[in-house]
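**Student:** Can you keep this structure in mind? I'll have questions shortly.
The values are calculated or read from the model by the stated rules, or taken from the named source; none is laboratory data. Not measured: the values here are computed from a predicted model. Positions of Cβ are generated from backbone atoms using ideal geometry, with glycine treated the same way; all protein chains shown enter the neighbour counts.
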Number of protein chains: 2
Amino acid sequence: MRATVMHGAGDVRVEDVPDATLRDATDVTVRIVLACICGSDLWPYRDLAPSEDGRRMGHEFVGVVEDVGAEVTTLRRGDLVVAPFLFADGSCDFCHEGEHAQCRNGGFWGGVPGSDGGQGEAVRVPFADATLVRLPVAPDDALLPALLTLSDVFSTGHYAALCARVRPGVTAAVVGDGAVGLCGVIAARRLGAERVIVLGHHADRLELARELGATDVVTARGPEAVEQVHELTGGDGAHAVLECAGQLEAFETALAITRGGGALGRVGAPQYASAPHVRGQFGRNITIGGGPAPTRAFIEELLPDVLEGRVQPGRVFDATVALDGVPEGYQAMDERRSLKVLVRP
Amino acid sequence: MRATVMHGAGDVRVEDVPDATLRDATDVTVRIVLACICGSDLWPYRDLAPSEDGRRMGHEFVGVVEDVGAEVTTLRRGDLVVAPFLFADGSCDFCHEGEHAQCRNGGFWGGVPGSDGGQGEAVRVPFADATLVRLPVAPDDALLPALLTLSDVFSTGHYAALCARVRPGVTAAVVGDGAVGLCGVIAARRLGAERVIVLGHHADRLELARELGATDVVTARGPEAVEQVHELTGGDGAHAVLECAGQLEAFETALAITRGGGALGRVGAPQYASAPHVRGQFGRNITIGGGPAPTRAFIEELLPDVLEGRVQPGRVFDATVALDGVPEGYQAMDERRSLKVLVRP
């Protein structure tokens, strides 16, 4: 079969790889219908060391179940399914607590040699009963891009909003106008935030943020951005701040605009090792949470709102490529020509 | 009247100061019955710059209401009251949210020139109706030391446990065997922790920790302490970690022993500016909260358990001085000869 392999920074190839096949009795194989490229795929795209073997890419996909392992009980050949960006056994103590990202037997798609990634023709899915969620639509449904966002980007925005303790009536702020930030806007509104201030630098994305529910937009950077958010919030900052970027500057801004007693939900993978301003966090009773989102824990809850069109996270996609177009998709996202690229193998 | 004034590191004096008097119509004055010295008083005791005026000390006290301002409605002369370590107006949005440490009009006892501290004969109490809580016992009640811990040390341990998300059945760990750490042990057990591991270095305090409910004791430091906690918890660490010390090493240990998906409640005033190991926190979905505890929010909830003897936070006191003995009390705590010193003016 064909799949995407990254051999080093800027070196994304679509090549022949071994077919996805069952390995364990709890596996299924899934033929990919729709996948996409993640903002986090751009980190290795910028700095991955060159290698012959390379790394299989893609961790967001919707597809159709093909082969079914002997111990799989809830899935059948032909089921349309969505996968969270981490597979998980669904049975360990962490999974029972909703902490699927800490699963004792889970892992990232393509994360270990020999495992499949989503940007390809097919994937072997471990712990299939627990990992996958069946979708009650046809594979050609117009909602498929929106449903695909349950894999990662919308569910991750939702996790950021939960970690930021968004609740009805609060003012939320979202740092970052990438796809996760935009989904954070949707999630914050969905959880009842009265105001959602989004901080970003791209006019088109900020326009989309407004359409998705942002009430205020701040385009300044650093201390000026902090000042503007304080002006918008009577000097207090936002109760709930979603940090959806990952750079140190984004974290510093996020902390500085969090209201005393408020919470900062961090889902942008931190590109820094030490967090400054501890005394500011402490003195202002601010809580910081987040991490790789346990998206599997949220899919059932978010699904009805996507199916019934109450939220439209599919709008974060602004381009589509076939499998052979994946390298161009990376380039387009890296150069900020595209916000988020769909892959139709 | 007489009160404690710190004029610089190691320079604590009991001297004549202006009498505590009503200033605002919402004030009362309180004649101090019992006060104490806080571990946090030792920070300035070690590094306060010398000054002529000095700083009024003491933020924990129980006393009897004396003069009552014209707008005070719930307190009368003769009432026995306990004060939280921060006064707060009780009416702003922060106070309504239980974030009294962020009160728009609140402050620390002795925190501004002209305000009174608890280590003295009397105190002017701002926002008296909101700040003080009446105690249904006589001023000579044997429970008075235990009731005094509601001011700060027990309520702060409770806040650490809340921030660490202690809930029934979890394993908690308490970093620090000072008075707050010991109260953290009590609080963690009270909230249902099945195991409470306490980390410290003082045999007598750790013995007391066991009597107060700790199930395990770790006396090692640094990586060795982390290893021992992991051994005690099947390699996972503790769900709920209470950081009750404030040094960088304590924070690093606390983070390293927090289970994936767990929470770290920090109440030791951080003696460091930057928190390392952000990626470890992020990758393990750990939440960090804490700060100066809004103890006023907890007093009514904790009071019955103290009154009925179900918890015994008063055991953290191991010495008593009269007002003139306060300088000796500081010295005893600084030299670790005393755990926590009561002051009976």
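**Student:** Within the stretch A:232-345, considering only helices (runs of 4 or more DSSP H) that don't extend past its boundaries, which have at least 2 residues that are more than 10 Å from chain B (Cβ to nearest Cβ) and either in contact (Cβ under 8 Å) with a residue 24 or more places away in the chain or out of contact with any Gly (no Cβ under 8 Å at 6 or more places or on another chain) (or both)? Walk me through how you get there before you give the answer.
**Tutor:** Details: elements: A:248-256, A:278-283, A:299-307, A:326-334.
The qualifying helices (runs of 4 or more DSSP H) are A:248-256, A:299-307, A:326-334.
**Student:** Give just the number: which of (1) under 16 Å from residue A:183 (Cα atoms); (2) touching a Lys or Arg at 6+ places or on another chain (Cβ under 6 Å) does residue A:263 not satisfy?
**Tutor:** Result: residue A:263 passes all but (1).
**Student:** Now for a different question. Considering each residue of the stretch A:206-218, count those that are β-branched (Val, Ile, Thr) and either exposed (fewer than 14 other Cβ atoms within 10 Å of the Cβ) or in a strand (DSSP E or B) (or both), and give that number. Quick ask: steps written out before the conclusion?
**Tutor:** Taking the stretch A:206-218 as the starting set, the residues that turn out to be β-branched (Val, Ile, Thr) are A:215, A:217-218.
Filter again for either exposed (fewer than 14 other Cβ atoms within 10 Å of the Cβ) or in a strand (DSSP E or B) (or both), leaving A:217-218.
Count: 2.
**Student:** Part of a strand (DSSP E or B) and in contact (Cβ under 8 Å) with a residue 60 or more places away in the chain, is that true of residue A:46?
**Tutor:** Details: part of a strand (DSSP E or B): no; in contact (Cβ under 8 Å) with a residue 60 or more places away in the chain: yes.
It is false that residue A:46 is part of a strand (DSSP E or B) and in contact (Cβ under 8 Å) with a residue 60 or more places away in the chain.
**Student:** Checking residue A:18 against (1) touching a helix residue (DSSP H, G or I) at 6+ places or on another chain (Cβ under 6 Å); (2) without any contact (Cβ under 8 Å) to a residue 40 or more places away in the chain, only one condition comes out false. Which one?
**Tutor:** (1)
**Student:** Among the listed residues A:182, A:162, A:144, which satisfies the condition of being touching a residue at least 60 places away in the same chain (Cβ under 8 Å) and assigned by TED's automatic domain parsing to the domain that holds residue A:37? Break it down into steps so the answer makes sense when it comes.
**Tutor:** On the way: A:182 fails: assigned by TED's automatic domain parsing to the domain that holds residue A:37; A:162 fails: assigned by TED's automatic domain parsing to the domain that holds residue A:37.
Step by step, each of A:182, A:162, A:144 is checked, and only A:144 is touching a residue at least 60 places away in the same chain (Cβ under 8 Å) and assigned by TED's automatic domain parsing to the domain that holds residue A:37.
**Student:** Could you check residue B:269 against (1) of a type in the set (A, V, I, L, M); (2) surrounded by 22 or more Cβ atoms within 10 Å (Cβ to Cβ); (3) under 24 Å from residue B:97 (Cβ atoms) and say which number it fails?
**Tutor:** (2)
**Student:** Further question on the same structure: Hey, residue B:304 hits all of (1) more than 18 Å from the chain's Cα centre (by Cα); (2) in the same structural domain as residue B:104 (by TED's automatic domain parsing); (3) buried (at least 24 other Cβ atoms within 10 Å of the Cβ) but one; which does it fall short on?
**Tutor:** Result: residue B:304 passes all but (3).
**Student:** Suppose we keep only residues that are in contact with a Ser or Thr (Cβ under 7 Å, 6 or more places away or on another chain) and not aliphatic (A, V, I, L, M) within the stretch B:223-246. Which one would you say is nearest to residue B:292 (Cα to Cα)? Explain how you work it out, then say what you get.
**Tutor:** In the first step, residues of the stretch B:223-246 are kept if they are in contact with a Ser or Thr (Cβ under 7 Å, 6 or more places away or on another chain); the result is B:225-226, B:233, B:237-239, B:241.
Next, only the ones that are not aliphatic (A, V, I, L, M) stay: B:233, B:237, B:239.
Working: B:233: 29, B:237: 25, B:239: 22 Å.
So, considering only residues that are in contact with a Ser or Thr (Cβ under 7 Å, 6 or more places away or on another chain) and not aliphatic (A, V, I, L, M), the one nearest to residue B:292 (Cα to Cα) is B:239.
**Student:** How many residues does the stretch B:276-300 hold that are of a type in the set (Gly, Ala, Ser) and in contact with a Pro (Cβ under 8 Å, 6 or more places away or on another chain)? Quick ask: steps written out before the conclusion?
**Tutor:** Just the residues of the stretch B:276-300 that are of a type in the set (Gly, Ala, Ser), to begin with: B:280, B:283, B:289-291, B:293, B:297.
With in contact with a Pro (Cβ under 8 Å, 6 or more places away or on another chain) added as a condition, the list becomes B:283.
Going through the stretch B:276-300 one residue at a time, the tally reaches 1.
**Student:** Can I ask one more? With respect to residue B:203, is the statement that it is at pLDDT 95 or above, among the aliphatic types (A, V, I, L, M), surrounded by 21 or more Cβ atoms within 10 Å (Cβ to Cβ) and not assigned by TED's automatic domain parsing to the domain that holds residue B:312 true?
**Tutor:** On the way: at pLDDT 95 or above: yes; among the aliphatic types (A, V, I, L, M): yes; surrounded by 21 or more Cβ atoms within 10 Å (Cβ to Cβ): no; not assigned by TED's automatic domain parsing to the domain that holds residue B:312: yes.
No; evaluated as a whole, the condition is false for this residue.
**Student:** Provide a single number: the residues in the stretch B:26-54 that are under 18 Å from residue B:106 (Cα atoms) and charged (D, E, K, R).
**Tutor:** 1
**Student:** While we're looking at this one, here's another question. Any idea which residue in the stretch A:249-279 is nearest to residue A:161 (Cα to Cα), counting only those that are of a type in the set (Lys, Arg) and in contact with a strand residue (DSSP E or B) (Cβ under 6 Å, 6 or more places away or on another chain)? Can you show your working first?
**Tutor:** Applying the first criterion (of a type in the set (Lys, Arg)) to the stretch A:249-279 yields A:259, A:266, A:279.
So of that shortlist, the ones also in contact with a strand residue (DSSP E or B) (Cβ under 6 Å, 6 or more places away or on another chain) come out as A:259, A:266.
On the way: A:259: 15, A:266: 9 Å.
The extreme case among them is A:266.
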